[in-house]
Amino acid sequence: MYNNNVPLGGQTLGETQSPIRTNFSLIQQLITQDHYDFNTGNQGKHKFVHLPQTTVPGTAANEGVVYTKDVGGITELFYQRESNGTEIRLTGGTNAANGYAYFGENLLMNWGTGSVTTGGNKGPYTFAKAYSGGNPPYSLVISNEKAGNAVETAALAIQEGTITNVQFELNNRTGQTRTFYYIAIGTAL
(Lines give C-alpha, C1' and ligand atoms only; values in the text may rest on other atoms or scores of the structure.)
Protein backbone atom coordinates (compact mmCIF):
# COMPACT_ATOMS: atom_id res chain seq x y z
CA MET A 1 0.00 0.00 0.00
CA TYR A 2 1.26 3.49 -0.91
CA ASN A 3 2.52 5.45 2.11
CA ASN A 4 2.58 9.23 1.71
CA ASN A 5 4.05 9.69 5.22
CA VAL A 6 7.67 8.84 4.35
CA PRO A 7 10.07 10.22 5.09
CA LEU A 8 8.85 12.05 8.14
CA GLY A 9 10.99 14.76 9.69
CA GLY A 10 13.76 13.24 11.77
CA GLN A 11 13.72 9.84 10.02
CA THR A 12 16.93 8.53 8.53
CA LEU A 13 17.31 7.01 5.07
CA GLY A 14 17.88 3.65 6.70
CA GLU A 15 14.54 3.88 8.50
CA THR A 16 12.59 4.87 5.37
CA GLN A 17 14.39 2.99 2.59
CA SER A 18 11.92 0.09 2.46
CA PRO A 19 8.69 2.18 2.42
CA ILE A 20 10.21 4.59 -0.15
CA ARG A 21 11.12 1.66 -2.43
CA THR A 22 7.57 0.32 -2.01
CA ASN A 23 6.20 3.73 -3.01
CA PHE A 24 8.44 3.83 -6.13
CA SER A 25 7.27 0.35 -7.09
CA LEU A 26 3.61 1.34 -6.70
CA ILE A 27 4.15 4.52 -8.75
CA GLN A 28 5.74 2.40 -11.49
CA GLN A 29 2.69 0.10 -11.51
CA LEU A 30 0.40 3.13 -11.71
CA ILE A 31 2.30 4.69 -14.63
CA THR A 32 2.41 1.49 -16.68
CA GLN A 33 -1.37 1.08 -16.43
CA ASP A 34 -2.57 2.50 -19.79
CA HIS A 35 0.63 4.61 -20.23
CA TYR A 36 4.01 4.15 -21.85
CA ASP A 37 6.67 3.36 -19.28
CA PHE A 38 9.42 5.64 -18.01
CA ASN A 39 12.47 5.89 -20.31
CA THR A 40 10.58 5.06 -23.51
CA GLY A 41 10.21 7.20 -26.62
CA ASN A 42 6.55 7.90 -25.84
CA GLN A 43 6.86 8.34 -22.07
CA GLY A 44 3.97 10.16 -20.47
CA LYS A 45 1.57 9.37 -23.31
CA HIS A 46 -1.40 7.04 -23.16
CA LYS A 47 -1.38 3.68 -24.92
CA PHE A 48 -5.13 3.47 -24.36
CA VAL A 49 -7.63 4.51 -21.70
CA HIS A 50 -9.80 2.38 -19.44
CA LEU A 51 -12.92 4.25 -18.30
CA PRO A 52 -14.93 2.46 -15.61
CA GLN A 53 -18.66 3.23 -15.58
CA THR A 54 -19.72 6.21 -13.49
CA THR A 55 -22.53 8.73 -13.21
CA VAL A 56 -22.33 12.19 -14.80
CA PRO A 57 -19.21 13.52 -13.03
CA GLY A 58 -19.87 17.25 -13.33
CA THR A 59 -17.51 19.91 -14.67
CA ALA A 60 -16.14 23.27 -13.60
CA ALA A 61 -15.67 26.31 -15.83
CA ASN A 62 -13.12 25.81 -18.62
CA GLU A 63 -13.09 22.01 -18.47
CA GLY A 64 -14.82 19.11 -20.16
CA VAL A 65 -14.93 15.46 -19.18
CA VAL A 66 -15.09 12.13 -21.03
CA TYR A 67 -16.63 9.20 -19.16
CA THR A 68 -18.64 6.02 -19.55
CA LYS A 69 -21.93 5.01 -18.02
CA ASP A 70 -24.38 2.16 -18.28
CA VAL A 71 -27.13 2.47 -20.90
CA GLY A 72 -29.41 -0.55 -20.94
CA GLY A 73 -26.69 -2.92 -19.75
CA ILE A 74 -24.05 -1.63 -22.20
CA THR A 75 -21.14 0.68 -21.37
CA GLU A 76 -21.36 3.78 -23.60
CA LEU A 77 -19.05 6.80 -24.00
CA PHE A 78 -20.17 10.36 -23.11
CA TYR A 79 -18.73 13.89 -23.00
CA GLN A 80 -19.91 16.68 -20.69
CA ARG A 81 -19.31 20.35 -21.50
CA GLU A 82 -17.93 22.90 -19.04
CA SER A 83 -19.84 24.21 -16.01
CA ASN A 84 -21.97 21.05 -15.68
CA GLY A 85 -23.01 21.62 -19.28
CA THR A 86 -24.64 19.44 -21.88
CA GLU A 87 -24.06 15.70 -21.72
CA ILE A 88 -23.28 14.35 -25.21
CA ARG A 89 -23.56 10.66 -25.98
CA LEU A 90 -20.72 9.60 -28.28
CA THR A 91 -21.35 5.88 -28.86
CA GLY A 92 -24.20 3.46 -29.28
CA GLY A 93 -26.48 2.31 -32.01
CA THR A 94 -27.24 -0.70 -34.15
CA ASN A 95 -25.86 -2.21 -37.32
CA ALA A 96 -29.07 -3.41 -38.92
CA ALA A 97 -31.47 -2.75 -41.80
CA ASN A 98 -33.54 -0.71 -39.35
CA GLY A 99 -31.19 0.94 -36.91
CA TYR A 100 -29.81 4.05 -35.27
CA ALA A 101 -26.54 5.77 -34.35
CA TYR A 102 -25.51 8.68 -32.12
CA PHE A 103 -23.34 11.59 -33.29
CA GLY A 104 -21.70 14.53 -31.52
CA GLU A 105 -23.84 17.52 -30.51
CA ASN A 106 -26.62 15.18 -29.32
CA LEU A 107 -27.75 14.01 -32.72
CA LEU A 108 -29.54 10.73 -33.31
CA MET A 109 -29.89 9.23 -36.79
CA ASN A 110 -32.47 6.53 -37.51
CA TRP A 111 -32.62 4.62 -40.78
CA GLY A 112 -34.71 1.82 -42.11
CA THR A 113 -36.75 0.22 -44.80
CA GLY A 114 -40.36 -0.79 -45.14
CA SER A 115 -43.10 -1.70 -47.53
CA VAL A 116 -46.12 0.49 -48.13
CA THR A 117 -49.33 -0.76 -49.75
CA THR A 118 -51.59 1.29 -51.98
CA GLY A 119 -54.46 3.49 -51.03
CA GLY A 120 -53.93 6.49 -48.78
CA ASN A 121 -52.12 6.67 -45.46
CA LYS A 122 -50.08 3.65 -44.42
CA GLY A 123 -48.14 2.99 -41.29
CA PRO A 124 -47.22 3.94 -38.73
CA TYR A 125 -43.56 3.12 -39.34
CA THR A 126 -41.65 3.20 -36.06
CA PHE A 127 -38.13 4.59 -35.63
CA ALA A 128 -35.58 2.15 -34.16
CA LYS A 129 -34.87 4.70 -31.38
CA ALA A 130 -37.20 7.47 -30.20
CA TYR A 131 -36.14 11.13 -30.36
CA SER A 132 -35.93 13.08 -27.12
CA GLY A 133 -38.46 15.30 -25.42
CA GLY A 134 -41.36 14.22 -27.60
CA ASN A 135 -39.87 16.21 -30.48
CA PRO A 136 -39.98 14.84 -34.04
CA PRO A 137 -36.71 14.56 -36.00
CA TYR A 138 -35.33 17.69 -37.69
CA SER A 139 -35.35 15.93 -41.03
CA LEU A 140 -36.97 12.80 -42.45
CA VAL A 141 -36.08 11.71 -45.99
CA ILE A 142 -37.92 8.94 -47.85
CA SER A 143 -36.69 7.27 -51.03
CA ASN A 144 -38.25 4.61 -53.23
CA GLU A 145 -36.50 1.34 -53.86
CA LYS A 146 -34.61 1.43 -57.13
CA ALA A 147 -34.79 -1.65 -59.36
CA GLY A 148 -31.70 -1.97 -61.55
CA ASN A 149 -30.98 1.24 -63.47
CA ALA A 150 -34.60 2.27 -63.76
CA VAL A 151 -35.52 5.63 -62.27
CA GLU A 152 -38.41 5.20 -59.84
CA THR A 153 -40.94 7.98 -60.10
CA ALA A 154 -43.57 6.50 -57.78
CA ALA A 155 -45.46 9.01 -55.68
CA LEU A 156 -44.68 8.18 -52.06
CA ALA A 157 -45.03 11.05 -49.63
CA ILE A 158 -44.77 11.55 -45.89
CA GLN A 159 -48.29 12.15 -44.64
CA GLU A 160 -48.53 15.68 -43.25
CA GLY A 161 -48.91 15.87 -39.47
CA THR A 162 -47.92 12.25 -38.83
CA ILE A 163 -44.24 12.64 -37.90
CA THR A 164 -43.67 12.23 -34.15
CA ASN A 165 -40.62 11.41 -32.04
CA VAL A 166 -41.36 7.68 -32.48
CA GLN A 167 -43.03 7.17 -35.90
CA PHE A 168 -44.33 8.50 -39.21
CA GLU A 169 -46.91 7.59 -41.86
CA LEU A 170 -46.73 7.56 -45.66
CA ASN A 171 -49.20 8.27 -48.41
CA ASN A 172 -48.86 5.88 -51.37
CA ARG A 173 -50.48 7.20 -54.55
CA THR A 174 -48.78 4.75 -56.91
CA GLY A 175 -51.44 2.07 -57.21
CA GLN A 176 -48.78 -0.52 -56.25
CA THR A 177 -47.08 -1.79 -53.13
CA ARG A 178 -43.68 -0.09 -52.81
CA THR A 179 -40.53 -0.71 -50.80
CA PHE A 180 -39.02 2.47 -49.34
CA TYR A 181 -35.98 3.57 -47.34
CA TYR A 182 -35.75 6.39 -44.83
CA ILE A 183 -33.17 8.42 -42.92
CA ALA A 184 -34.14 10.72 -40.05
CA ILE A 185 -31.95 13.02 -37.94
CA GLY A 186 -32.98 14.68 -34.68
CA THR A 187 -32.15 15.32 -31.03
CA ALA A 188 -30.75 12.38 -29.08
CA LEU A 189 -30.96 13.37 -25.39
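The values are calculated or read from the model by the stated rules, or taken from the named source; none is laboratory data. Keep in mind that what you see is a predicted model, and the values were worked out from it rather than measured. Cβ placement follows ideal geometry from the backbone for every residue including glycine, while neighbour counts extend to all protein chains displayed.
Values computed for the structure shown
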quantity: Test: residue in the range 46-65 that is closer than 25 Å to Gly186 by Cβ, hydrophobic (A, V, I, L, M, F, W, C) and either in contact with a Cys (Cβ under 7 Å, 6 or more places away or on another chain) or loosely packed, with under 14 Cβ neighbours inside 10 Å (or both); calculated: yes
quantity: Strands (runs of 3 or more DSSP E) contained entirely in the range 110-189, each with at least 2 residues that are buried (at least 16 other Cβ atoms within 10 Å of the Cβ) and at pLDDT 95 or above; calculated: 178-187
quantity: Residues satisfying the stated conditions in the range 95-129, i.e. of a type in the set (S, T, N, Q) and over 17 Å from Leu156 (Cβ atoms); calculated: Asn95, Asn98, Asn106, Asn110, Thr126
quantity: Close pairs from the range 14-29: first outside the structural domain of Tyr2 (by TED's automatic domain parsing), partner surrounded by 12 or more Cβ atoms within 10 Å (Cβ to Cβ) and assigned to a helix (DSSP H, G or I), Cβ under 7 Å, at least 6 apart; calculated: none
quantity: Residue match in the range 86-94 (condition: under 30 Å from Ala157 (Cβ atoms) and either at pLDDT below 90 or not in a loop (DSSP other than H, G, I, E, B) (or both)); calculated: yes
quantity: Matching residues, the range 23-54, being part of a loop (DSSP other than H, G, I, E, B) and more than 23 Å from Leu77 (Cβ to Cβ); calculated: Asp37, Phe38, Asn39, Thr40, Gly41, Asn42, Gln43, Gly44
quantity: Filter pass, Ile20 being out of contact with any Pro (no Cβ under 8 Å at 6 or more places or on another chain) and not in a loop (DSSP other than H, G, I, E, B); calculated: no
quantity: Residue match in the range 72-82 (condition: surrounded by 13 or more Cβ atoms within 10 Å (Cβ to Cβ), modelled with pLDDT under 90, under 19 Å from the mean Cα position of the chain (by Cα) and not hydroxyl-bearing (Ser, Thr, Tyr)); calculated: no
quantity: Selection from the range 19-29 of residues that are hydroxyl-bearing (Ser, Thr, Tyr) and surrounded by 12 or more Cβ atoms within 10 Å (Cβ to Cβ); calculated: Thr22
quantity: Which listed residue, of Thr32, Thr68, Thr40, is among the hydroxyl-bearing types (Ser, Thr, Tyr), surrounded by 10 or more Cβ atoms within 10 Å (Cβ to Cβ) and outside the structural domain of Met1 (by TED's automatic domain parsing); calculated: Thr68
